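The values are calculated or read from the model by the stated rules, or taken from the named source; none is laboratory data. Quick caveat, the model's predicted, so the values are computed rather than measured. FYI the Cβ positions are ideal-geometry reconstructions off the backbone, even for glycines, and counts take in every protein chain you see. Ligands, DNA and RNA are excluded from the accessible area calculation, which covers all protein heavy atoms including side chains. Shrake-Rupley method; radii C 1.70, N 1.55, O 1.52, S 1.80 Å.
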Amino acid sequence: QVQLVESGGGLVQAGDSLRLSCAASGRTFSPYAMAWFRQAEGKEREFVSLIERSRGSTIYADVVKGRFTITRDIAKNTVYLQMSSLKPEDTAVYYCARYSGGIYYYTTSYNSWGPGTQVTVSS
């Protein structure tokens, strides 16, 4: 079992940058792909980005491509999401999750989730 905890959220202005962290404890996540999702109030949870386990290949949702960067530090059991040029529509609770198989942008393809961290972008 792995425990995931996100941090780094906060209140920023449009155009600002923010870096989220996801620390894993328990079983290490290095053999697994890891992803970030987000959920805005009143909306469904949506895929943001994924980093693949072996080569570190990445996937991004179109709405964040070019603005967000996902990275991982295997030695620290931590995954990061660097967010730049933030927009008010990026406001959401951001979750990290461990991929367990299936279509990567489905929440059902993940078997471990953190409690989330709130990101609020003011205009």
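Give me the residue from the stretch 1-15 that is at pLDDT below 95 and open to solvent by 60 Å² or more (accessible area, probe 1.4 Å) and, out of that set, farthest from T69 (Cα to Cα).
Q1
Does A23 fit the bill of being in contact with a strand residue (DSSP E or B) (Cβ under 7 Å, 6 or more places away or on another chain), in contact (Cβ under 8 Å) with a residue 12 or more places away in the chain, of a type outside the set (F, W, Y) and farther than 16 Å from Y94 by Cβ? Walk me through it before giving the result.
On the way: in contact with a strand residue (DSSP E or B) (Cβ under 7 Å, 6 or more places away or on another chain): yes; in contact (Cβ under 8 Å) with a residue 12 or more places away in the chain: yes; of a type outside the set (F, W, Y): yes; farther than 16 Å from Y94 by Cβ: no.
Here the answer is no, as A23 does not meet what is asked.
Which residue pairs have Cβ atoms closer than 6 Å, lie 6 or more positions apart in sequence or on different chains, and pair a first residue in the stretch 28-48 that is within 17 Å of V79 (Cβ to Cβ) with a second residue that is at pLDDT 95 or above and part of a loop (DSSP other than H, G, I, E, B)?
Correct list of pairs: F37/R45; F47/A61; F47/Y105; V48/A61; V48/V64.
Of (1) of a type outside the set (S, T, Y); (2) touching a strand residue (DSSP E or B) at 6+ places or on another chain (Cβ under 8 Å); (3) more than 16 Å from S109 (Cβ to Cβ), I59 satisfies all except one. Which?
Only one criterion in (1) of a type outside the set (S, T, Y); (2) touching a strand residue (DSSP E or B) at 6+ places or on another chain (Cβ under 8 Å); (3) more than 16 Å from S109 (Cβ to Cβ) is unmet by I59, namely (3).
Out of the residues in the stretch 64-76 that are assigned to a loop (DSSP other than H, G, I, E, B) and under 14 Å from the mean Cα position of the chain (by Cα), which is farthest from D16 (Cα to Cα)?
First pass over the stretch 64-76, keeping only residues assigned to a loop (DSSP other than H, G, I, E, B): 64-67.
Then keep just the ones that are under 14 Å from the mean Cα position of the chain (by Cα); that gives 64-65, 67.
Values: V64: 14, K65: 16, R67: 11 Å.
So, considering only residues that are assigned to a loop (DSSP other than H, G, I, E, B) and under 14 Å from the mean Cα position of the chain (by Cα), the one farthest from D16 (Cα to Cα) is K65.
Can you confirm whether the stretch 69-85 contains a residue that is small (G, A, S) and at pLDDT 95 or above? Steps first, please.
Residues of the stretch 69-85 small (G, A, S): 75, 84-85.
In the following step, the residues that additionally are at pLDDT 95 or above were identified as 84-85.
Scanning the stretch 69-85 turns up at least one residue that is small (G, A, S) and at pLDDT 95 or above.
Is there any pair with a first residue in the stretch 103-115 that is surrounded by 13 or more Cβ atoms within 10 Å (Cβ to Cβ) and a second that is of a type in the set (K, R) and at pLDDT 95 or above whose Cβ atoms are under 9 Å apart and which are 6 or more apart or on different chains, and what are they?
T107/R45
Of all residues in the stretch 16-59, how many are open to solvent by 70 Å² or more (accessible area, probe 1.4 Å), outside any strand (DSSP E or B) and either of a type outside the set (K, R) or at pLDDT 95 or above (or both)? It would help to see each step written out before you state the result.
Initial filter on the stretch 16-59 (open to solvent by 70 Å² or more (accessible area, probe 1.4 Å)): 19, 27, 41-46, 53-55.
Remaining after also requiring outside any strand (DSSP E or B): 27, 41-45, 53-55.
Still in the running and either of a type outside the set (K, R) or at pLDDT 95 or above (or both): 41-45, 54.
Number of matching residues: 6.
Any residue in the stretch 82-101 that is farther than 25 Å from E52 by Cβ sitting within a Cβ distance under 7 Å of a residue that is of a type in the set (V, I, T) and open to solvent by 40 Å² or more (accessible area, probe 1.4 Å)? List the pairs, counting only those 6 or more apart or interchain.
Here the result reads T91/T120, each pair linking the stretch 82-101 to a residue that is of a type in the set (V, I, T) and open to solvent by 40 Å² or more (accessible area, probe 1.4 Å).
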